[in-house]
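Notes follow the structure.
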Amino acid sequence: MTTNIIAIADVIHQRRTIHNFKADPKPPAAEIIRAIDLAVCAPNHHGTEPWRFYLIGEASKEKICLLNAELHGAARGDKSVQAKLDRWREIPGWLLLTCAKSANDIRASEDYAACCCAAQNLMLYLWSVGIGMKWTTGAVTREAKFYDILGIDPNAETVVGLFWYGYPAEVPPGNRKPAGDKIVQLS
């Protein structure tokens, strides 16, 4: 039991957001499915299971890359569009996590929190098998065209995050402040 606790603590402590991935090989789909199986073990109030996972294939990925390039060009000009497009195309794996919407504000908040817990489970498992991730909520994920590309009803689901995954080309150092700096002791 103690070995498992140490292993879990190490994975939590060592996990990093990965910005640069190796081009090959792409992680096996079976590992991503296993990670999703573990992600859905996250706590969720009243067992709502509000998460939806979308494994994004090459055709959808390309459409998202082009949409992002369009947005990037409109915001910053054409100079850097090709570099941005090339960078996005090089990302090996793409996964989207959405949350079922609720008309009840409290339930909506609880469901979104549950999806964030699922995302953490997903990232921790993948890290434990050598697969890195980046969780993004960039402008492209808030576009109506993004929802259209993936066939998602924006009235029924909201994006929690677009996750890029692959084998890390480099692992950045950690830079967290000590937890003690964030603790308020109450009497």
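A few points about this structure:
- The number of residues in segment 139-166 that are of a type in the set (Lys, Arg) and in contact with a strand residue (DSSP E or B) (Cβ under 7 Å, 6 or more places away or on another chain) comes to 0.
- The criterion of at least 3 residues that are crowded, with 17+ Cβ neighbours inside 10 Å and at pLDDT 95 or above is met by the following helices (runs of 4 or more DSSP H) wholly inside segment 78-182: 105-128, 144-150.
- Contact map, segment 121-145: residues that are over 25 Å from Cys65 (Cα atoms) paired with residues that are crowded, with 19+ Cβ neighbours inside 10 Å and among the charged types (D, E, K, R), Cβ distance under 7 Å, separation 6+ or inter-chain. No pairs are found.
- Test for Gly47: is it without any contact (Cβ under 8 Å) to a residue 40 or more places away in the chain, within 22 Å of Tyr112 (Cβ to Cβ) and over 15 Å from the mean Cα position of the chain (by Cα): yes
- Test for Thr48: is it closer than 17 Å to Thr137 by Cβ and among the hydroxyl-bearing types (Ser, Thr, Tyr): no
- Of everything in segment 28-41 that is part of a loop (DSSP other than H, G, I, E, B) and either without any contact (Cβ under 8 Å) to a residue 12 or more places away in the chain or within 15 Å of the chain's Cα centre (by Cα) (or both), the residue that is nearest to Ile91 (Cα to Cα) is Pro28.
- For segment 21-38, residues that are in contact with a strand residue (DSSP E or B) (Cβ under 7 Å, 6 or more places away or on another chain) and modelled with pLDDT of 95 or more total 5.
The values are calculated or read from the model by the stated rules, or taken from the named source; none is laboratory data. The shown structure was predicted, so the numbers you read here are calculated from the model rather than taken from an experiment. Here the Cβ is made from the backbone with ideal geometry for all residues, glycine too, and neighbour counts use every protein chain on show.
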